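Enquirer: Can you keep this structure in mind? I'll have questions shortly.
Where a number appears in this text, it was derived from the coordinates with a stated rule and is not lab data. Model, not experiment: these values are computed from the prediction. Here Cβ is always computed from backbone atoms with ideal geometry, including for glycine, and neighbour counts include all displayed protein chains.
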Amino acid sequence: MSSAAPSTQPSRLSRVITRLDWRSNIIYIAFVVVFLFFAIFLGNDGFLSANNMLNIVRQTATISIMAIAMTFVIAAAEIDLSVGSVAGLASVVTAMTTMQFGLVPGILAGLAAGAAIGAINGGLVALLRIPSFLVTLGMLGLAAGLAQWITASAPQPITDRLYVMIFGGSDFGPVPGLLVWTIVAVAVGWLVMNRTGFGRKVLATGGNPTAAAYTGINTARIKFTVLLISGIAAAVAGMLYAGRLESGRFQWGQGDELTVIAAVILGGTSLFGGRGAIIGTLFGSLFMGLINNGLILAGLDVAQQQVVRGAIIIAAVALSRKK
């Protein structure tokens, strides 16, 4: 009579854990953990109040919009370091034009500023094949300097109430205007990335540009387009800065590029291209806002906040993987 051999089959739980692609879902895990941490230790300081939750959404709206566009850029294996400076430039161009010529010319001028810089970035990368890191690093300084130059470092006030209402300074009924902008950006980005041929071409270009070219994809056009979109999205973010703070300033957006890139990578988009996650990017942006909010409520000064944010960016790069 033989005895039953001990089972060597892994349990269902271990199989589930093994199959769980935790790297792709790290942002959701981190978001819940950090939220619970702040809720426990800062709940009495107002962290859980509805007003504070809405403030996190308001403060991350500009980052979210730039990050949605950056998801396409990074998924195409490129990068855009100029988005923060473009936001600052667009804010002052919009403010100055609105005060001189009215609402519609102001909006068009802000969008044109972002589109022009996005087209220059895209043209240099796609046509001259200059690495996007170098092109956009140079454009970062150029746009910031131009914004400071044309304003003589002075803030440009916006007194047009309709502009302030449209671009996030007011609420649409009970809903904050900046929340509406965020939802629209995420919805459009998700549909384009997951339900259109353009989204598939972006992923193919980032995954293997040689193979993509053999299938008939114009990879140069794809790279030009994603950088153009990034410039326009950065301009919209700058206009939202101007609407929320009722002025255009060259300082708006400075340093945002690092936060935007961290949000995208944390959200599951591969730093090496070929994979893009729009919803993950949204949670990445909210996660960065959550960190900022919690650190401020905890009483950390600006330098300490920068140290923590820098550590998060390093962790984001370490957790990204090549596909």
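Enquirer: In the chain, with Lys and Arg counted as +1 and Asp and Glu as -1 at Cβ, which of these residues, Thr94, Leu36, Leu266, has the Cα nearest the positive end of the dipole, that is, farthest along it?
Expert: Final value for the positive-end residue is Leu266.
Enquirer: Next up: Check every DSSP H run in the chain and write down those whose alpha carbon atoms cover 30 angstrom or more along the long axis and whose mean Kyte-Doolittle hydropathy is -1.0 or greater.
Expert: On the way: long enough: 50-75 (34 Å, 1.18); 103-126 (34 Å, 1.76); 219-245 (39 Å, 1.30).
The answer, listed by residue number, is 50-75, 103-126, 219-245.
Enquirer: Whose amide H sits under 5 Å from the amide H of Gly248, counting only residues 5 or more places off or on another chain, with H placed in the peptide plane?
Expert: Gln156, Ile158
Enquirer: Report the gain in length on full extension from Leu300 to Asn55: 0.36 nm times residue separation, minus Cα-Cα distance, nm rounded to one decimal.
Expert: That pair, Leu300 and Asn55, stretches by 86.4 nm at full extension.
Enquirer: Right, here's the next one. What dipole magnitude, in Debye to the nearest 20, does the stretch 192-303 give about its Cα centre under +1 on Lys/Arg Cβ and -1 on Asp/Glu Cβ?
Expert: Values: 8 positive and 4 negative charges, 119 e Å.
Around 580 debye, computed over the stretch 192-303.
Enquirer: Could you give the nm distance between label points at Phe35 and Gln251, where each point is 7 Å from its Cα heading toward the beta carbon?
Expert: Distance between label points: 3.2 nm.
Enquirer: Right, another one. Pull up all non-local amide H partners of Ile79: gap of 5 or more, or a different chain, and H-to-H distance under 5 Å with H placed in the peptide plane.
Expert: So Ile79 has HN proximity to Ser132, Phe133.
Enquirer: Report the gain in length on full extension from Phe101 to Asn218: 0.36 nm times residue separation, minus Cα-Cα distance, nm rounded to one decimal.
Expert: 38.1 nm
Enquirer: Additional query: Given a 10 angstrom Cα cut-off, can you work out which residue in Ile312, Ile65, Ile278 is the most mobile in a GNM of the chain?
Expert: Ile312
Enquirer: Which value in deg cm²/dmol, rounded to the nearest 500, describes the helix-derived mean residue ellipticity at 222 nm for the chain, given -39,500 (n - 2.57) per DSSP H run of n ≥ 4 and division by the residue count? The partial results should precede the final answer.
Expert: Working: 14 runs with 230 residues, N = 323.
Result for the chain, helices only: -23500 deg cm²/dmol.
Enquirer: Set Lys and Arg Cβ to +1 and Asp and Glu Cβ to -1, take the dipole of the chain about its Cα centre, and tell me which of Gly177, Gly207, Leu146 lies farthest positive.
Expert: Farthest towards the positive pole: Gly207.
Enquirer: If I take R0 = 30 Å and measure r between the Cβ atoms of Ile314 and Ala187 in this structure, what FRET efficiency does the formula 1/(1 + (r/R0)^6) give, to the nearest 0.05?
Expert: Values: r = 31 Å, r/R0 = 1.05.
Using R0 = 30 Å, I get an efficiency of 0.45.
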